[in-house]
1. Looking at A:L72, A:L54 in this structure, which one is surrounded by fewer than 23 Cβ atoms within 10 Å (Cβ to Cβ) and outside the structural domain of A:G306 (by TED's automatic domain parsing)?
2. Among A:N231, A:N189, which is in contact (Cβ under 8 Å) with a residue 40 or more places away in the chain, within 14 Å of another protein chain (Cβ to nearest Cβ) and either aromatic (F, W, Y) or farther than 30 Å from A:R67 by Cα (or both)?
3. Does A:G332 qualify as being in a loop (DSSP other than H, G, I, E, B), touching a helix residue (DSSP H, G or I) at 6+ places or on another chain (Cβ under 8 Å) and open to solvent by 20 Å² or more (accessible area, probe 1.4 Å)?
4. Restricting the search to the range B:103-130, which residues are closer than 19 Å to A:A364 by Cβ and assigned to a helix (DSSP H, G or I)?
5. Out of everything in the range A:140-158 that is in a helix (DSSP H, G or I) and more than 9 Å from chain B (Cβ to nearest Cβ), what residue ends up being nearest to the chain's Cα centre (by Cα)?
6. For B:M148, state whether it is assigned to a loop (DSSP other than H, G, I, E, B) and in contact with a Ser or Thr (Cβ under 6 Å, 6 or more places away or on another chain).
7. What is the number of the single condition among (1) free of Cβ contacts under 8 Å to residues at least 40 places away in the same chain; (2) open to solvent by less than 10 Å² (accessible area, probe 1.4 Å) that A:S141 does not meet?
Amino acid sequence: MHPTADQLPAGIEVCDCLTPFGDAAATATALLANRRALSLTPVLGRDGGDLVPLALLGAMDETLPPRWLPALRQLAAAIPVDDWGSAHTPVIITSSNFGVGSLYAFTRDHDARHLVHGTPFASVEFLRQEFDWGEHVHVFSHACVTAHLGLAHAARLLHAGLAARVLVFSFDFVSPFVAGGFHSLKILNGTMPAPYAIREVGAIGLGDGAAFAVLTRDAGPFRLAAHTLHNEMFHFTGNRPDGAGFAACAASIAAAAGGRRVWVKGHGTGTLEAGRLEAVALARHFPGAPLTGWKGSLGHTLGSCGLVELAVALAALRGSGSPGKIPGTVGGGTTSFTDTVALAPFSVAEFDGAILTSNAFGGAHAAMLLTYD
Amino acid sequence: MIERFLHHLRVELPDADETATAARTRLADKFPRTALRRMTHLGLLVGSALDGVPLGPDDALVYASTFAETRALEDFLGSFPAASPLLFQTSIHPGGVQQVLIGRQQPIARLWPLAGRTRLVEQALLTALLEPAPCVALVGGEERGTWMLEHAMAAARPFAFATILTHELAGAAARTAFRPGLADDESCPSLEDFATALAERRPLGWCGAGGAWTLEWL
């Protein structure tokens with residue numbers, strides 16, 4: 001048994017992201033060149049601590065106004081003009097961090113000005129006023145599958161005839177709050193991540209990331225054709241050891257993909273057990289499909305990773321090469337869990353679709369089918 | 001018009017100053033002892049509201065909370081520089097409902113955790129009405145904060161509610177419907193208002209999201 005995928009195609013009118021490499025095109029170019037944005041950085045910023053791999057847009061310590069505001073202004077400049085936040089052109093904000101770095105800053109310096117953007121609703125209200133959006137701003141927060149929820153919900157709004165155009169906007173910026181949290185779980189340590197690699201110690205990196213997509217009912221050359229979600233509810237930070245959760249999600253999106261020839265952008269944080277279960281499930285349901293992952297370079301952009309990596313995938317597909325190339329698994333090891341793991345860039349010529357997946361705490365799984373002409 | 005019928009309706013509206021410790025004692029018989037000691041106040045209230053609700057792996061759950069795991073968040077921030085792994089896990093939205101479902105080992109197809117404020121109830125209802133699952137749990141709640149409450153960043157009182165939305169009229173307690181049409185936005189009930197309306201079997205109606213909303217009791 002596996003969940004049934006939503007098959008409600010939505011056209012991607014525009015989609016872009018911002019990472020330490022720059023916009024989606026610059027990020028795709030950097031990944032194709034096998035560059036890492038991650039560097040070893042004190043886990044608590046100016047408060048010090050162990051060195052851990054972080055990919056940051058500037059220093060991690062929170063500022064006034066918040067350090068993510070200039071980046072989001074830069075990103076938002078590329079959003080097409082519309083009456084965003086109206087009932088028929090709603091905004092969906094997806095994040096797992098929102099402005100939580102400001103709460104951490106407040107506990108350090110007791111400057112109440114941080115609190116204006118310290119909680120999810122406060123940071124969203126701050127952005128709503130900054131960008132002059134209306135009240136119809138939906139806010140989802142489901143750890144590292146959050147962006148998938150926003151994209152899937154947008155498709156439902158479009159197909160129900162309740163929205164003409166939906167802006168999905170996502171941002172997650174690393175703070176001592178989240179870096180300290182993952183460090184306490186010991187999966188953010190002094191080792192660079194090597195997604196899908198067989199090695200002694202698992203490790204993740206964290207990265208700043210923001211992205212947006214405007215989805216429409218019009219098909220366009222790039223479409224999100226299907227979404228699937230599954231929640232194991234087995235353990236807060238672990239997956240069912242038999243891989244049933246990965247298999248359920250992979251089977252569902254494979255059924256939606258039908259006979260398409262796809263490549264796969266996996267979650268691939270660099271943890272060992274989840275990486276193995278993921279790679280094996282994807283290889284079983286997409287035999288021969290190359291599996292790539294970019295968190296070994298960009299770090300894990302948390303609740304935004306699904307949208308950031310979608311933007312990178314689209315930029316690679318639109319790339320200047322003919323045919324375009326998809327970045328391989330940056331930072332991968334010499335021996336991988338499956339022989340489907342792509343360690344080098346590969347041509348898109350033989351594919352007409354892509355599967356993009358993310359996973360999260362609670363055994364949450366998400367996948368979407370990207371199709372293109 | 002999109003509509004669903006409300007079955008299994010339970011609301012937790014404890015005293016405003018109820019503590020997690022008091023809730024743990026009051027609700028002890030609803031949870032395994034091993035899980036009980038780690039659960040947050042919101043998790044306990046959500047678990048009580050969901051007590052006896054039969055959810056299956058093909059079902060969906062919409063979870064609404066503006067402030068979510070406030071106390072875990074406060075305590076996690078207080079644990080620095082030796083950050084607590086348990087509090088980190090617990091502080092992450094949607095930990096309140098995940099505690100309950102993990103305790104039950106209850107997989108579900110889709111979980112939609114919303115974290116808005118002004119139109120949170122409307123958006124949660126819309127999310128639930130657009131769900132194709134035959135059985136959709138609509139769950140929400142808050143727990144009372146301490147220092148974050150002093151800064152208006154937490155709820156002033158704890159509460160939780162749970163109801164199951166289906167297409168089945170038979171045996172339903174209420175009906176919620178959205179009728180699309182031209183209408184100016186009106187004020188949307190707050191999450192606490194909505195919980196209170198459920199507890200009091202009070203009808204609701206307002207305009208928003210491009211249509212008219214109703215909650216009618218049968």
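The values are calculated or read from the model by the stated rules, or taken from the named source; none is laboratory data. Every value quoted in this text rests on a predicted model; they were computed, and no experiment measured them. Note that we place each Cβ from the backbone using ideal geometry, even for glycine, and neighbour counts take in every protein chain shown. All accessible areas refer to the heavy atoms of the entire protein, side chains included, with ligands and DNA or RNA removed. Shrake-Rupley method; radii C 1.70, N 1.55, O 1.52, S 1.80 Å.
1. Only one candidate qualifies: A:L72.
2. Working: A:N189 fails: either aromatic (F, W, Y) or farther than 30 Å from A:R67 by Cα (or both).
Exactly one of A:N231, A:N189 is in contact (Cβ under 8 Å) with a residue 40 or more places away in the chain, within 14 Å of another protein chain (Cβ to nearest Cβ) and either aromatic (F, W, Y) or farther than 30 Å from A:R67 by Cα (or both), namely A:N231.
3. Details: in a loop (DSSP other than H, G, I, E, B): yes; touching a helix residue (DSSP H, G or I) at 6+ places or on another chain (Cβ under 8 Å): yes; open to solvent by 20 Å² or more (accessible area, probe 1.4 Å): yes.
Criteria met by A:G332.
4. Scanning the range B:103-130 gives B:G103, B:R104, B:A124, B:T127, B:A128.
5. Let us first name the residues in the range A:140-158 that are in a helix (DSSP H, G or I), namely A:146-158.
Subset that is more than 9 Å from chain B (Cβ to nearest Cβ): A:147-148, A:150-151, A:154-155, A:158.
Details: A:A147: 6, A:H148: 8, A:G150: 11, A:L151: 11, A:A154: 16, A:A155: 18, A:L158: 22 Å.
Selected residue: A:A147.
6. Values: assigned to a loop (DSSP other than H, G, I, E, B): no; in contact with a Ser or Thr (Cβ under 6 Å, 6 or more places away or on another chain): yes.
So B:M148 fails the test.
7. Result: A:S141 passes all but (1).
Here is a yes/no grid of residues against (1) over 30 Å from A:R35 (Cα atoms); (2) among the hydroxyl-bearing types (S, T, Y); (3) surrounded by fewer than 24 Cβ atoms within 10 Å (Cβ to Cβ); (4) in contact with a Leu (Cβ under 9 Å, 6 or more places away or on another chain):
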{"residue": "A:H230", "(1), (2), (3), (4)": "yes, no, no, no"}
{"residue": "A:A251", "(1), (2), (3), (4)": "yes, no, yes, no"}
{"residue": "A:A255", "(1), (2), (3), (4)": "yes, no, yes, no"}
{"residue": "A:R276", "(1), (2), (3), (4)": "no, no, yes, no"}
{"residue": "A:H300", "(1), (2), (3), (4)": "no, no, no, yes"}
